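Have a look at the structure below, then the notes.
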Amino acid sequence: GENVEQHPSTLSVQEGDSAVIKCTYSDSASNYFPWYKQELGKRPQLIIDIRSNVGEKKDQRIAVTLNKTAKHFSLHITETQPEDSAVYFCAASITSGGSNYKLTFGKGTLLTVNP
Amino acid sequence: KAGVTQTPRYLIKTRGQQVTLSCSPISGHRSVSWYQQTPGQGLQFLFEYFSETQRNKGNFPGRFSGRQFSNSRSEMNVSTLELGDSALYLCASSDRGNTEAFFGQGTRLTVV
């Protein structure tokens, strides 16, 4: 089955710096790659996602890149703010008919943004 | 639109007991997935239901089971509870044609 590795497990940056989190996946059939943010005691929330037919996607300060050949994808957060502090999870999925069947998650990255 | 609702929010059970958790998806969503979240293992997929049929199952023992009703609400059952079953159980719903999975707040299960 699919296996997703996520690095680093913890990341501490100064406010205003950039943060990069990297994930690799094993199943070349995976075609959907979401990133979730989970604040302490809250539910995971989707912040950005990318499909396998796209190499990069951007949404304000957040961007995701995908390298299908190398089977890795990365989350980039620019101009970090203290409210970006949370656990970030990457995931991979094989979707069919537009629906998720199963998300395989990385172990998560605890991002701390120091003011 | 109301979000994904899970009940109860917190549960304490004794080893050997069984437990049933409930998940009400966003109105109109027919796919419901369940995940177990622990500090050591992260988020692990349990199973997914669509139109009352289990489409996919993760690598969990048979003590973990689920079902989905005609109104898309789903229940998850764990029998013969073990201490290691203590976790946050999350369900997520999604809509056919839309890949985004929306998570509920979770049920925190503690087995003592």
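The values are calculated or read from the model by the stated rules, or taken from the named source; none is laboratory data. Computed from a predicted structure; not experimentally measured. Here Cβ is always computed from backbone atoms with ideal geometry, including for glycine, and neighbour counts include all displayed protein chains.
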task = Might you let me know whether region B:34-54 holds any residue that is modelled with pLDDT of 95 or more, small (Gly, Ala, Ser) and either assigned to a loop (DSSP other than H, G, I, E, B) or in contact with a helix residue (DSSP H, G or I) (Cβ under 9 Å, 6 or more places away or on another chain) (or both)?
result = no
Enumeration of residues in region B:91-112 that are within 14 Å of chain A (Cβ to nearest Cβ) and closer than 15 Å to B:Val19 by Cβ = B:Cys91, B:Gly106, B:Thr107, B:Arg108
message = Going through A:Glu15, A:Glu2 one at a time, which residue ends up being touching a residue at least 12 places away in the same chain (Cβ under 8 Å) and in contact with a helix residue (DSSP H, G or I) (Cβ under 8 Å, 6 or more places away or on another chain)?
response = A:Glu15
message = Yes or no: region A:66-82 includes at least one residue that is assigned to a helix (DSSP H, G or I), at pLDDT 95 or above and out of contact with any His (no Cβ under 6 Å at 6 or more places or on another chain).
response = yes
inquiry  = Condition (residue is within 13 Å of another protein chain (Cβ to nearest Cβ), part of a loop (DSSP other than H, G, I, E, B) and of a type in the set (A, V, I, L, M, F, W, C)) applied to region B:59-67: is it met by at least one residue?
reply    = yes
ask   = Assuming B:Gln6 fulfils every condition listed in (1) free of Cβ contacts under 8 Å to residues at least 40 places away in the same chain; (2) in contact with a Cys (Cβ under 9 Å, 6 or more places away or on another chain) apart from one, which condition is it?
value = (1)
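Each row is one residue, and each column tells you yes or no for (1) under 17 Å from A:Ser93 (Cα atoms); (2) of a type outside the set (Asp, Glu); (3) in contact (Cβ under 8 Å) with a residue 60 or more places away in the chain; (4) surrounded by fewer than 16 Cβ atoms within 10 Å (Cβ to Cβ).
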residue: B:Val19; (1), (2), (3), (4): no, yes, yes, no
residue: B:Ser27; (1), (2), (3), (4): no, yes, no, yes
residue: B:Pro39; (1), (2), (3), (4): no, yes, no, yes
residue: B:Phe47; (1), (2), (3), (4): yes, yes, no, no
residue: B:Glu52; (1), (2), (3), (4): no, no, no, yes
residue: B:Ser79; (1), (2), (3), (4): no, yes, yes, yes
residue: B:Leu83; (1), (2), (3), (4): no, yes, yes, yes
residue: B:Ala101; (1), (2), (3), (4): yes, yes, yes, no
residue: B:Gly106; (1), (2), (3), (4): no, yes, yes, no
